[in-house]
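Take a look at the structure set out below.
Any read-out appearing in this document is the output of simple, stated calculations on the displayed coordinates, not a laboratory observation. Just so we're clear, the structure is a prediction, and the values are computed from it rather than from any experiment. Don't worry about glycine lacking a Cβ; one is built from the backbone with ideal geometry, like all the others, and counts go over all protein chains shown.
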Amino acid sequence: MEYIIVSGKDFNEARKKIRENKEREIVFTSNDDELNRKVLEKETISILLINQKGRKDRAKQRDSGFNQVLAKLAKKKSVILGINLDEILKTKEEEKAKILARVRQNVKLCNKNKLKMVFISEELNEAKDRYNLKALGLVLGMPTWMMSDFAKLGKDVEERNREKKNL
């Protein structure tokens, strides 16, 4: 399964990129929450990747970029919510705590709406990382049914293992 990340600053640009790559699994990401909602409503995507870095929390609540409206739309369209693992691993301690709190909030919303979540990374290549990700998911509050395997952008881990066995 080949993934392609599509991002855009406006809806028409994003729509054009999504329609050019219909034969692939599409991971859509944007820092604009309204654009995420429009794309989720009107286009066919596989995974919605919500970036948590650089968001400002409000006085009484966190800004996780995902709400009950987006959750219902994602459930209706069978879209998986993506968690950017590289973003979590490469941030400093204080920001990492805020990102994990936002991810935990998204986990609760996905659990209520029976949505699947997936970790997305560009750098993971070991089969043992799959167990570490499942452990991280359990710590964040994910039930076992919610955790899809992680999505490796580019070649899948299973494809690499098959290639190693064939050599």
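Summary of computed values
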item: Prolate/oblate/rounded label for the stretch 3-166 (Cα gyration tensor, a/c 1.5); result: oblate
item: Net charge, ILE99 excluded, C-beta distance under 14 Å - Lys, Arg +1, Asp, Glu -1; result: +3
item: Relative contact order for the stretch 3-166, counting Cα pairs under 8 Å that sit 6 or more residues apart, in percent; result: 18 percent
item: Length added when fully stretched, ASP86-LYS72, from 0.36 nm per residue minus Cα-Cα; result: 2.4 nm
item: Neighbourhood charge, 10 Å Cβ-Cβ cut-off, centred on ASP32 and excluding it, Lys, Arg +1 and Asp, Glu -1; result: 0
